[in-house]
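Take a look at the structure below.
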Amino acid sequence: MVVQSVNRPSKGFRRRDWLFPIVNALLLTLLMFITLYPVINTVAYSFNDGTDAVRGHIGLLPRKWSLKSYQSILSDANVFHAAYISVVKTIITTVLNLLVTGMLSFTLSRREYVLRKLITTLLVLTMYVNAGLIPNYLLISKTLNLRNTFWVYIIPTMFSCFNMIVIRTYIAGLPDALVESARIDGAGDFRVYWQIIFPLCKPVLATVALFVAVGSWNSWFDTHLYCGTEKDLYTLQYLLKMKLATTNQSANAAKSTAEALKSTTNTTPVTIRCAITVISAVPILVVYPFLQRYFVTGMALGSVKG
């Protein structure tokens with residue numbers, strides 16, 4: 001009678017089998033806490049009383065609750081107008097960037113287009129060779145006459161070479177049979193793109209849309225350069241930056257006079273800065289969950305082939 005031996009896992013192997021998930025979970029939990037702590041701490045400071053916040057050592061919860069910082073910011077009617085400008089600017093910039101960059105990416109991904117390598121090379125060169133701030137300022141403000149106009153936010157941001165490379169790489173990974181079968185049925189380039197390629201590019205387009213939207217929403221330097229004298233075109237980020245600078249000046253002046261000190265006891269630059277950070281980040285945090293599933297897929301698939 002032949003007894004077959006059964007290869008049983010050793011104790012050391014079984015120990016490693018359950019030890020890895022535990023260690024992995026602990027490390028990820030620690031990493032999550034390290035990542036979230038600065039965010040939660042900033043929110044706690046923003047809801048804390050200004051005088052008490054100067055003492056520091058605030059953890060995850062405010063030590064002395066107060067809404068004075070938010071009231072100080074939101075009491076200015078210009079904040080809502082600036083928020084409206086930022087929202088409109090972000091939406092238009094994102095839509096036009098996806099429209100222009102997406103169609104150009106589809107064109108440059110077609111092998112039958114004989115100039116695609118030359119145009120791609122010229123566009124990529126702009127990522128490495130830049131004329132600088134002064135030539136860009138002269139081009140936008142003097143040549144194009146976009147200074148103190150809303151279009152200064154839109155036209156210079158309608159195309160991104162980096163986003164074009166990401167979208168083109170994703171499109172190049174799609175089966176060529178889809179385009180060939182559509183053209184056999186008589187579909188033109190526009191119909192092929194909008195009815196076949198565009199629906200399949202939702203993951204990468206959502207990723208690019210998130211990049212463009214975050215960049216447009218957080219941008220303030222373009223307002224400082226081109227619309228600094230036009231208050232109706234102030235964006236939320238620029239207005240909040242100016243308000244933070246004003247708060248710092250008031251705090252410095254408060255050190256010399258007791259009356260000014262009394263007027264700034266409820267808010268300080270620390271709490272104002274944290275409240276500004278929260279107000280600026282909330283819109284992006286609201287939008288991100290809707291694009292998260294596309295964001296992960298788009299980043300993975302858009303970087304496989306070159």
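Only the coordinates and a few stated rules stand behind these numbers; no lab work does. Values in this document were obtained by computation on a predicted structure and should not be read as measured data. Counting neighbours? That spans all protein chains shown, and the Cβs are built from the backbone with ideal geometry, glycine included.
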Set of aspartates and glutamates with alpha-carbon distance to K89 below 20 Å, sequence-local pairs under 8 removed | D222, E230, D232
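If you rank F162, F47 by fewest surrounding Cβ atoms within 10 Å, what's the result?
F162, F47
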Rg/Rh of region 20-126 (Cα atoms, Kirkwood Rh), to two decimals, equals 1.26
With P62 itself left out, Lys, Arg at +1 and Asp, Glu at -1 over residues whose Cβ is under 13 Å from its Cβ give +2
What is the Cα centroid distance between region 139-185 and region 47-79, reported in whole angstrom?
-> 42
Could you put T277, T223 in order, starting from the residue whose Cβ has the fewest other Cβ atoms within 10 Å?
-> T277, T223
